[in-house]
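Colleague: Sharing a structure with you now.
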Amino acid sequence: MARGGFPGMGNMGNMMKQVQKMQKQMAEMQKELEEREVEASAGGGAVTVKVNGKKEILAIEIDKDVVDPDDVEMLQDLIMAATNEALRNADDMVNREMQKVTGGMNIPGLF
C-alpha cells in the first residue's frame, strides 16, 4: 500500500508530473505554431492566402489577370475560398502537431 494507506496514490504524483510536462510541451508547441505559416490558393493560383498558426491573415496575393471590374463577385469568391482553405490548413497543422505532444489523446476543448 502507498503512504497514507490508499492504494495507487504513489502513481498520482508521477501522473501529475507527466501532466505538467505535457502542459509545458503544449505551451511551447502553441508558441511555435503561432509563428508557422501555411497558405492555400484558389482559381488555379489566381488568389493565394497565407495565414499563421494564430489564424491571422499574413498576405493575400491576387493575379492581376483575375481582376475584372465587371465580375467582382468571382474575385470575392476566389478570395473567400482561398482564405477558408488556408484557415483549414492552419487548423490541420495545429491539430497534427498537438497530437504529437498529447500522444494522440483527444482532449476536448484543448485546441
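The values are calculated or read from the model by the stated rules, or taken from the named source; none is laboratory data. Note that the coordinates shown come from a computational prediction; the quantities given were computed from them, not determined experimentally. Cβ: placed from backbone, ideal geometry, glycine included. Neighbour counts: every protein chain shown.
Colleague: Which number in (1) in a loop (DSSP other than H, G, I, E, B); (2) more than 19 Å from the chain's Cα centre (by Cα) marks the one condition that M74 misses?
Modeller: Going through (1) in a loop (DSSP other than H, G, I, E, B); (2) more than 19 Å from the chain's Cα centre (by Cα) one by one, M74 breaks only (1).
Colleague: Could you check M15 against (1) in contact with a Ser or Thr (Cβ under 9 Å, 6 or more places away or on another chain); (2) modelled with pLDDT under 85 and say which number it fails?
Modeller: (1)
Colleague: Just the residues that are surrounded by 11 or more Cβ atoms within 10 Å (Cβ to Cβ) and out of contact with any helix residue (DSSP H, G or I) (no Cβ under 9 Å at 6 or more places or on another chain), please, taken from segment 62-71.
Modeller: D63, D71, listed by residue number.
Colleague: Could you grab the pairs with beta carbons closer than 8 Å, sequence gap of 6+ or different chains, first residue in segment 19-42 and within 15 Å of M93 (Cα to Cα), second one of a type in the set (V, I, T) and part of a strand (DSSP E or B)?
Modeller: Partner pairs satisfying both residue conditions: E37/V51; V38/V51; E39/T48; E39/V49; E39/V51; A40/T48; A40/V49.
Colleague: Select, from K31, K54, the only residue that is modelled with pLDDT of 85 or more and not in a helix (DSSP H, G or I).
Modeller: K54
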